[in-house]
Amino acid sequence: MTTRERVVLDVDGLRMSYGTTEILRDVGFRVHHGEVVCLLGPNGAGKTTTLEILEGFRMRSAGRVEVLGTDPAQGDERWRARLGVVLQSWRDHGRWRVRELLAHLGRYYAPYSTGQTIRPWATDELIEAVGLTPHAGKKVRMLSGGQRRRLDVAVGLVGRPELLFLDEPTAGLDPVARREFHGLVESLSAQRDTTIVLTTHDLHEAEKLSDRIMILDGGRIIADGTAAELARSIADEDEVRWTRDGQRYERNTTESTKFVLDLFRRYGEEIGELEVRRASLEDTYLTLVRRAEAGRAATDQPDEQHEVTR
């Protein structure tokens, strides 16, 4: 089995309830080494709850969960040292300087170094990796939003984790800081040393950063695949639009490339304003969520005949 084929996360029949309210219902999926997988879904879908169970921060109600070969509910300190976690937000000591904070945290990982893995990162090497070298001497409270998020990732990476969790990593960032953060995640994922699982509401972010997207809604995984695979699951045809001799035309086809080539062979320069529209991730996401909601609504409808005769 190659490293890429190694299963890092293995979840089956995961359920989570708070009293009579069921948050997760029979969730199951696998994540392999080196993948970047995004959990996408509306508020209340169960994304953060799923991450907290995988991280060992929350006990599940039922189901089987293995993270790096261990049940998170039984994970010890050595297992936790193999994980990196970047929360939506966390309270820190604003008076710490960047280099001091990371050096301090790194000392906690030293006892877990093995012959195969050297923990933690050298502090200055880590600071360079997340693009904070010019700010290494700054106090945390003096960092910008984007710089602060880079520090969050550095804190998550300080122990050289095999698995990194990012929960809403760009929430509240301005467009420039968001773009910088995307570049950081892309550089990490390109090395394929760390498996990354992230949650987001940002469809562009999910499509840009992820190898796979899992859409969670109503406590269930309703779709799992690449952005292109999910789009094909809801739309077998592309829409081709063009103009000729002042007239506008439209055609739906399953073979848009062949159709466009045939158009140009037949009409050449008479073709204008050509557009081929494929289902976007936003189209896909909205369609799948609406289908899931419609299915739940149909299931939840009372039996009218039973109500009348009861």
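The numbers here are math on the coordinates, done by the rules we state, and not lab data. For clarity, every value in this text was computed on a predicted model and none was experimentally measured. We place every Cβ from the backbone using ideal geometry, glycine too, and count neighbours over all the protein chains shown.
Output the relative contact order of the chain, whole-number percent, from Cα pairs under 8 angstrom with separation of 6+ residues.
Reported relative contact order: 19 percent.
From the list [x] 23.8, 76; [y] 17.7, 56; [z] 19.7, 61, can you say which value of Rg and Dmax of the Cα atoms in Å was derived from the structure given?
Answer by label: [x].
Please give, to one decimal in nm, the separation of the simple spin-label points placed at Val7 and Glu229, each 7 Å out from Cα toward the Cβ.
Distance between the two pseudo-spin positions: 1.6 nm.
With a Förster radius of 41 Å, plug the Cβ-Cβ distance of Asn43 and Asp124 into 1/(1 + (r/R0)^6) and report the FRET value to the nearest 0.05.
Working: r = 40 Å, r/R0 = 0.97.
Working from the Cβ atoms, E equals 0.55.
For a Förster distance of 35 Å, can you work out the FRET efficiency between the beta-carbons of Arg290 and Arg141, rounded to the nearest 0.05? The partial results should precede the final answer.
Numbers: r = 44 Å, r/R0 = 1.24.
Calculated value: 0.20.
Could you please rank Met59, Met142, placing first whichever residue has the fewest other Cβ atoms within 10 Å of its Cβ?
Met59, Met142
How about the stretch 214-286: which trypsin sites (Lys or Arg not before Pro) there are in a DSSP loop, with at most 14 other Cβ atoms within 10 Å of their Cβ? Walk me through the numbers on the way to the answer.
On the way: sites: Arg220, Arg232, Arg241, Arg244, Arg248, Arg251, Lys258, Arg265, Arg266, Arg277, Arg278; in loops: Arg278.
Loop-located and lightly packed - Arg278.
I want to verify a result. In a Gaussian network model of the chain, Cα cutoff 10 Å, which of these has the top mean-square fluctuation: Gly84, Gly159, Gly295?
Gly295
Which lysines does Lys208 reach when only Cα atoms under 22 Å apart count, and residues fewer than 8 places away in its own chain are ignored?
Lys47
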